[in-house]
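What follows draws every value from the coordinates through simple rules; no lab data is involved. All of these numbers come straight from a predicted model, not from anything done at the bench. Ideal geometry is used to build each Cβ from the backbone, glycine not excepted, and the neighbour counts take in all protein chains shown.
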Amino acid sequence: MKQLTILFSAILLCLSSYGQPVFTKADTLRGSLNENRDWFDVKKYTLNINPNLEAHSLDPSSVTWDCQVLKPYQIIQIDLQQPLIIDEINFRLVSKMNGYYQNIGYAKKINFTRDGNIAIANIDTILKKGDYFRISISYHGKPREAVRPPWDGGWIWKKDSNGKPWVSVACQGLGASVWYPCKDIQSDEPDDGVRIFLKTFDGLESVSNGRSVIEEPGANRMGDWIVTNPINNYNVIPYIGDYINWYEKYKGLKGDLDLHYWALREDSAKARKQYTQVKDMLKAFEYWFGPYPFYEDGYQIIQSPHLGMEHQSAIAYGNKFANGYLGRDLSGSGWGLKWDYIIVHESGHEWFANNITTKDIADMWVHEGFTSYSETLFTEYYYGKEAGDDYTYGLRKRIMNDGPIIGHYGVNNEGSSDMYAKGAVMLHSIRKSINNDSLFRSILIGLNKDFYHQTVTTDEIENYISKKSGINFSKVFDQYLRTIQIPVFSYSYDKKEKILTYQWKNCVKGFDQPLHFKYEGQQFDFLPADYIPQKRLIKLDNFNENAFGEAIKRLYYVQINNENAGK
């Protein structure tokens, strides 16, 4: 029987390794709007955080949720990852007046049970739709420590070169519940923002998202920060270090935007030089995407003890004050060394990820695909369209086609990391198919306006692009997001008759992406169909089939099959 059990376990391992992934109860609890999560809407978080820099732990801290009831219920799921310990949970009714939440009656302690990385609490009170209530969670403990941030996240306890503490958190994917109790799902952002009370330390600055209650730059002694806009849970982050701060205003599309720059004292000279690229970024992205989405909270860039992250209104920067990605050009085109990758990419997320956020992380391509394409748009804005095309073409070598870009829904599962490069290249292909840069730009601006401060699904984004462009791109999205097949533009050329025969192969049924490109001074406009040969008269005396294929491949993410090759 023992041998049979071992064999059965081996079979299950093979199925999970080579078949569909196996998801656990914990995956579902984290990734779904189950019955203990879908009945209320978080309106505001208030964090009181007390880091212990010596013990690498959190001394008694607390987080308050102000929520509104969507339907009557009384069991609530609270996400807080082990080994952090919940000490007590309190409940009370509140009212909302003039934007503020006010207590009604007395708080009462409520019972809860732990189940792995969640707690289930019974508020033991019948609530009506529209009621407001407050949950306060007291907790403490030694949170998970990051091993390789930001990819393997958690708390980061480092020291600068002068031996002073340098502390932060990176938790995208891992989840904000790795360090504070929250409703750890992207579909519920706190509509009224977050207030962060962060312990301060002599000789150090404690910095977070939004604005300091004390307005003077560098004078944050209270550790009190306010975010007025909705914000992703994983974007709420503390930074503690021997920082210096300087400030300026940027005259943007919505008026004066406050810019706050933070760097370690030892790196301030390098930072002052490198951070000048922030205004270049804002100029380019407000052109392509519309106004910076968080004028009320301002923009901060903060030197971090890891490479970088898109923390809303508090961008984490760790690119060593050099252009490129740690001094490298990810595209290999040369253009990626003209600008600082982290300043451009992570700030691009302010529009795609922070302004427009996907409800489920399975749709994270909306964050990463558009933001990776923002690198192309930045390059094009300052160096021209050909430079942008070169940069995008260079990104293709990073595509692995190891799995679909869209993950599994409801189980906290991201798709392939191809969401970055392949997502960007797909958008470039769609832009070329639209064949109208003004229209394409209006779509990008429209996305950020019409989905302003909202959580979305991939269907909403796909349908918006199709509707606004007037082209049904549903099969194009299916091809690139939901399969690993690269469509093949297959063609042959009859030199005597000057007839080109062409069609799409290796594609989903109904794939019909338009192609628009120039070759030898002529404009070609094709609408190939899947597996249906079509013919076109080519009036060129010297038709080079290989060069023709390369002209297509440079602009579109397709494979080229010249059926005459080798004949």
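Could you tell me how many degrees, from 0 to 90 and to the nearest 10, lie between the Cα long axis of helix 365-383 and the main elongation axis, the longest principal axis, of the Cα atoms of the chain?
The helix 365-383 is inclined about 60 degrees to the chain.
Can you work out the FRET efficiency for the pair Phe524 and Asn463, with r the C-beta to C-beta distance and R0 = 25 Å, to the nearest 0.05?
The formula returns an efficiency of 0.30 here.
Would you grab the residues whose amide H sits under 5 Å from the one on Asn52? Only those 5+ places off in sequence or on another chain, please, with H modelled 1.01 Å from N.
Ser57, Leu58, Asp59
Compute the long axis of helix 437-450 from its Cα atoms, compare it with the longest principal axis of the Cα atoms of the chain, and write down the angle in degrees, 0 to 90, nearest 10.
Once rounded, the angle reads 20 degrees.
What ranking, highest mean first, results for peptides 149-157, 266-274, 46-54, 530-538 when packing means the other Cβ atoms within 10 Å averaged over each residue?
Final packing ranking: 149-157, 46-54, 266-274, 530-538.
Among 352-362, 482-492, how do they line up by average Cβ neighbours within 10 Å per residue, starting with the highest?
Highest-to-lowest ranking by the protection proxy: 352-362, 482-492.
Is it possible to state the helix-based mean residue ellipticity at 222 nm for the chain, with each DSSP H run of 4+ residues giving -39500 (n - 2.57), the sum divided by total residues, to the nearest 500 deg cm²/dmol? What is it?
That comes out to -7500 deg cm²/dmol.
Enter the angle in degrees (range 0 to 90, nearest 10) between the Cα long axis of helix 545-555 and the first principal axis of the Cα atoms of the chain, meaning the one along which they spread out most.
Relative to the chain, helix 545-555 is tipped by roughly 20 degrees.
If I stretch the segment between Ser138 and Arg554 completely, what's the gain in nm (0.36 nm per residue apart, minus their alpha carbon distance), one decimal?
144.1 nm
Could you sort out which of Lys96/Lys142; Lys43/Lys359; Lys279/Lys320 sit more than 26 Å apart by Cα distance in this structure?
Long pairs (Cα-Cα over 26 Å): Lys96/Lys142.
Distance in nm between label sites at Asn544 and Lys495, each 7 Å beyond Cα in the beta-carbon direction?
1.5
Given axes a ≥ b ≥ c from the Cα gyration tensor, I'd like to know whether the range 356-482 is rounded (a/c under 1.5), prolate (a/b larger than b/c) or oblate.
Verdict is oblate for the range 356-482.
Which distance in Å, rounded to a whole number, links the C-alpha centroids of the range 246-287 and the range 136-211?
Centre-to-centre (Cα) distance: 23 Å.
If I take R0 = 25 Å and measure r between the Cβ atoms of Ile484 and Leu33 in this structure, what FRET efficiency does the formula 1/(1 + (r/R0)^6) give, to the nearest 0.05?
Between Ile484 and Leu33 the formula returns 0.30.
If you compute log10 I(q)/I(0) by the Debye sum over Cα atoms at q = 0.06, 0.07, 0.09 Å⁻¹ for the structure shown, which of (i) -0.35, -0.47, -0.74; (ii) -0.45, -0.57, -0.79; (iii) -0.28, -0.39, -0.66 do you land on?
(i)
About the Cα centre of the chain, what is the dipole size in debye to 20, counting +1 per Lys and Arg Cβ and -1 per Asp and Glu Cβ, all else neutral?
Charge dipole, the chain, about its Cα centre: 720 debye, nearest 20.
Using a Förster distance of 35 Å, how high is the FRET efficiency between Thr228 and Thr200, based on the Cβ-Cβ distance and rounded to 0.05?
E(calc), rounded to 0.05, equals 0.95.
With the cut-off at 25 Å, tell me which of the pairs Lys44/Lys128; Lys71/Lys449; Lys25/Lys475; Lys432/Lys496; Lys283/Lys449 have Cα atoms farther apart than that.
As for pairs spanning more than 25 Å Cα to Cα, those are Lys71/Lys449; Lys25/Lys475; Lys432/Lys496.
How long is the gain from Asp41 to Leu53 if the chain were fully straight, where each residue apart is worth 0.36 nm and the alpha carbon distance is subtracted?
0.9 nm
Just subtract the alpha-carbon distance of Leu326 and Tyr106 from 0.36 nm times their residue separation and send over the number in nm, one decimal.
Result for the pair: 73.8 nm of gain on full extension.
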